[in-house]
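Nothing in this text is a laboratory measurement; each read-out follows from the coordinates by a stated rule. Everything numeric here is computed off the predicted structure, so don't read it as measured data. Reconstructed Cβ throughout: ideal geometry from the backbone, glycine too, with neighbour counts over all protein chains shown.
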2 protein chains.
Amino acid sequence: MADDRGNVDTELLDELRQALADGTAERVRYRIGALHPADQAELLRFLEPHERRALVEALGTALDPEFLSYIDEELRQEIAASLGPELVATALAELETDDAIAFLEDLDDDLQLQIIAALPATERSEVERSLQYPEDTAGRMMQRAFVALPDYWVVGQAIDYLRNHPDLPDDFYDIFLVSARFEPLGSIPVSMVLRSGRTTPLRQLRQRELHVIDARTDREDVARLFRKYGLVSAPVIAERGRIIGVITVDDIVDVIEEEAEEDFLKLHGVSESDLFRPLRRTALRRQPWLLVNLGAAIMAALVIAQFEGSIDQLVTLAILMPIVASMAGNAGAQTMTVCVRGIATGEITAQNALRFFRKELAVGLANGSTFLVVGTIMVMVWFGYPELAVVFGGALLAALSVAAGIGVGVPLILERLKADPAIASAVFVTTLTDMFSFFVFLGVATLVLL
Amino acid sequence: MADDRGNVDTELLDELRQALADGTAERVRYRIGALHPADQAELLRFLEPHERRALVEALGTALDPEFLSYIDEELRQEIAASLGPELVATALAELETDDAIAFLEDLDDDLQLQIIAALPATERSEVERSLQYPEDTAGRMMQRAFVALPDYWVVGQAIDYLRNHPDLPDDFYDIFLVSARFEPLGSIPVSMVLRSGRTTPLRQLRQRELHVIDARTDREDVARLFRKYGLVSAPVIAERGRIIGVITVDDIVDVIEEEAEEDFLKLHGVSESDLFRPLRRTALRRQPWLLVNLGAAIMAALVIAQFEGSIDQLVTLAILMPIVASMAGNAGAQTMTVCVRGIATGEITAQNALRFFRKELAVGLANGSTFLVVGTIMVMVWFGYPELAVVFGGALLAALSVAAGIGVGVPLILERLKADPAIASAVFVTTLTDMFSFFVFLGVATLVLL
């Protein structure tokens, strides 16, 4: 079992590997049978593909259904293929709809259809209905089992109902009050019900606010709502306002982690974590971004090419120009990162964007002034050429200020154009800061020095 | 009130600003009094500093204590100063310990002490005890109000106890069973208690697993534990195993968001979101990173300086060298991002690191080979100089392969040295890929072409 920091118990891992190599399924099951399914799933990360296959085959029908809900996204396809559609379907039928959907939605279409076909009728229809909602929407995240009671009941009735219906979800945090048409009217934390006398009307325990989520809401917006109001669960409604499911905060934790990860990775041209993806697909997936980068780098090189004659006359320019570009690129990246993140968290909107733009420009000017001094002294010491030193320092000031503007401007413009600022900003910012840096440094140097 | 996407109601905002400008506190209170405290706090983002001050003064004692728990981290100091220690203390006394601590811990020492001194005795001692735990540990995150019952009770006893103790926390998700020494023995979801008959022994409802958190555990590890096992709440224990508080999943949501944000921002030399930080402090905070970057850029420039003579003979080298560096930098950043993220999520550990290293090297070689072809053709078309084209293509292959190795190696080495891979990796990776790119391209060009 792994500790809190994700370090796995090496002894267990070695023994497990030995058992897998020997091919004795019983020993494998004995080794990991007592582990929490989350720990079993975590072990998969440390095994080679053929060992993973052996492990899954050894588990076979002894598999805890919960195991499936803990498997890393990148490994789901592989594990599902090893288990086969029948076994997967049997296990998924035991899970809540949201966990079943999460496992199914990233599988290849073929395998997904085979598994769905193998599900029992009730679960199949629930899964199919959830899959009708677009990916990354509330309809896919919700579980279809929840507790909804008429709003004219009292606590005693609620408790008796709950005691007599063993088919209700194992675990729930809020009880929803609904109208005769099954529209949600309010929510009550379970602990409030437990603490109130049997004769207390449920209506009296209703929370002041009810945050209802449309099934078509994007999951990022759902996460924002949960975070903003500190929600634990919220009802999901279909077209006519009928409650059809519930989203709980534990699903939100995953969304926040995944969305933050996406933003983090996208900024550098990695579409999603490809740690466990096969080599060839990893390489292919990263190529488009490298191609875009090549195009961007050529643009910057074209700017340099305009000043070929100047470099020919003063080679020192070729030594110093990457420094200007690097500084501007870094300043632009700082500003861009804050801005992309601010847009993602909703802290920057159209209404306060101008304020941040002005502020970042001022920050760029301030830091540019510092590096005007630092850079001038540096070149003076290095090359002992005062005019060049001043040109270099001045270029730094101009480049850092403009870079700040670019760093805010690019994500905001992309957001306005409905493009994803996280994915495209980095390459635009780098290209623009490179081009401007080369242009201003080589241009002014040509005018002043040559 | 802002919608799900963080866009604020412009009309409300305009009216509020008008009321703030007029200085009529009643109108301000009327405008925003009916809003959810989370929405009130959100409005602060859209106001200028003097408007924020006017708003807070207008709210005065009419302030909903919950308001404080929703204020953006960067604005807490400012708002606390406007409100004054007395008002803040009165409001904080109404909040759970974890929310009070979250508000207090980032304030300047002076103000923090004044507020703590103004707290009622019980709350003051609770806050002081929590503050004794280091920042970012479980001891700071937990709330001190929880429900712990003897493990020999039955459901009926539990319900009666809960009904007769109105001083218990408003909202809780698990009941903890404790020994006579107050050591946690198990947990029961509240919904299970509600669904069981009065004579059911609590022991029988106990969950299979109990995840206990030491008060000194780092919050990142706490978040990982919650995520891994899908926990909703977990008991926090002090030195001798006594339960002293509880951490709930809503606090985890904030931790995950904040930690992901930190990783995201740190990678580009922004220590934390400085959206709302004053101009001068923002500029100063970003300078150290720019200075480090300057040092790094000089290192790369020194490599170029070694080949001054070569560039003097063939200026085209100065045009092409930034392209090689840019491609290698990009490939290195892709690999580094995946690796930094993998380390942060615990997916990469010492035990499987070598596997990722080999894989990334192979990815680098694969993409390097592609760009060997692409780059050679490009330079051939651009400059019509076959030898230069081959040198350029070869340099791309070498640079992309080595960059992949650097991208994995740097974060892993930093992690091994107990440095934070997220903060320092970017600058090391860029510097190393730049230096290698310039060296291999200019070096081979000098040998082959000149």
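Here are some notes:
- With the alpha-carbon atoms of the range B:297-450 aligned to their principal axes, the span from lowest to highest coordinate is 49, 31, 20 Å, starting with the largest.
- Rg followed by Dmax, in Å, when the protein assembly as shown is reduced to its Cα trace: 29.9, 96
- Protection proxy ranking, peptides B:242-248, A:441-447, average beta carbon neighbours within 10 Å, highest first: B:242-248, A:441-447
- Cα lying deepest toward the dipole's positive end in the range A:10-135, options A:83, A:69, A:41, charges on Cβ: A:83
- Here the dipole of the range B:193-314 is about 960 debye; that uses its Cα centre as origin and unit charges on the Cβ of Lys and Arg (positive) and Asp and Glu (negative).
- Amide H partners (placed H, <5 Å) of residue A:149, local residues excluded: A:176, A:177, A:178
- Applying the Kirkwood pairwise sum to the alpha-carbon positions of the range A:10-135 produces a hydrodynamic radius of 14.9 angstrom.
- For the pair residue A:218 and residue B:306, a Förster radius of 51 Å applied to the C-beta separation gives a FRET efficiency near 0.45, rounded to the nearest 0.05.
- Alpha-carbon gyration tensor eigenvalues x 5, square-rooted, for chain B, Å: 54, 31, 18
- Relative contact order (%) - criterion: Cα under 8 Å, at least six apart; region: chain A: 11 percent
- Sites residue B:381 and residue A:385, calculated FRET efficiency, Cβ-Cβ separation with R0 35 Å, nearest 0.05: 0.40
- Student exercise, chain A dipole from Lys, Arg, Asp, Glu Cβ charges, in Debye to nearest 20: 1860 debye
- Counting only DSSP beta bridges with both residues in chain B, the antiparallel share comes to about 70 percent.
- Chain lengthening between residue A:106 and residue A:121 when straightened (0.36 nm per residue, less Cα-Cα): 3.2 nm
- With the charge dipole of the protein assembly as shown set up from +1 on Lys and Arg Cβ and -1 on Asp and Glu Cβ about the Cα centre, the Cα lying farthest toward the positive end among the listed residues A:156, B:335, A:241 is that of B:335.
- Where labels lie 7 Å past Cα in the beta-carbon direction, separation of residue A:207 and residue B:354 in nm: 5.1 nm
- One chain, two ends: residue A:284 and residue A:198. Fully extended at 0.36 nm per residue, the span grows by 24.6 nm beyond their Cα-Cα distance.
- Residue pairs, from the table A:418/B:359; A:418/B:266; A:266/B:418; A:266/A:418; A:228/B:228; A:266/B:359, whose Cα atoms sit over 25 Å apart: A:418/B:359; A:418/B:266; A:266/B:418
- R0 of 41 Å, Cβ-Cβ distance residue A:77-residue A:164: FRET efficiency to nearest 0.05: 0.45
- Interchain or long-range residues, amide H under 5 Å from residue A:237's placed H: A:213, A:214, A:215, A:244
- Across the range A:184-198, rounded Karplus estimates of 3J(HN,Hα) from the backbone phi angles (6.51 cos²θ - 1.76 cosθ + 1.60, θ = phi - 60°) give x, 10, x, 10, 10, x, 4, 5, 5, 5, 4, 8, 9, x, 4 Hz, Gly and Pro being marked x.
- ³J(HN,Hα), Karplus 6.51/-1.76/1.60, whole Hz, each residue of the range B:216-226, x for Gly, Pro: 8, 5, 5, 5, 5, 5, 4, 4, 4, 5, 4
- Length-normalised contact order of the range A:279-449 in % [C-alpha pairs under 8 Å, at least 6 apart]: 36 percent
- Residues with amide H under 5 Å from that of residue A:154, placed H, sequence gap 5 or more: A:202
- Cα coordinate range in the range B:280-344, projected on the principal axes (Å, largest first): 46, 33, 16
- Share of pairwise Cα separations in the range A:148-266, more than 23 Å, in percent: 35 percent
- Note on the protein assembly as shown: with charges restricted to the Cβ of Lys and Arg (+1) and Asp and Glu (-1), its dipole about the Cα centre is near 720 debye.
- ³J(HN,Hα) computed for each position of the range A:244-255 - Karplus, 6.51 cos²θ - 1.76 cosθ + 1.60, integer Hz, glycine/proline x: 10, x, 9, 10, 10, 5, 5, 6, 5, 3, 5, 4
- Fully extended contour minus Cα-Cα distance, from residue A:238 to residue A:182, at 0.36 nm per residue: 19.1 nm
- With a simple spin-label model that places each label point 7 Å from the Cα along the Cα-to-Cβ direction, the separation between residue B:48 and residue B:94 comes to 3.1 nm.
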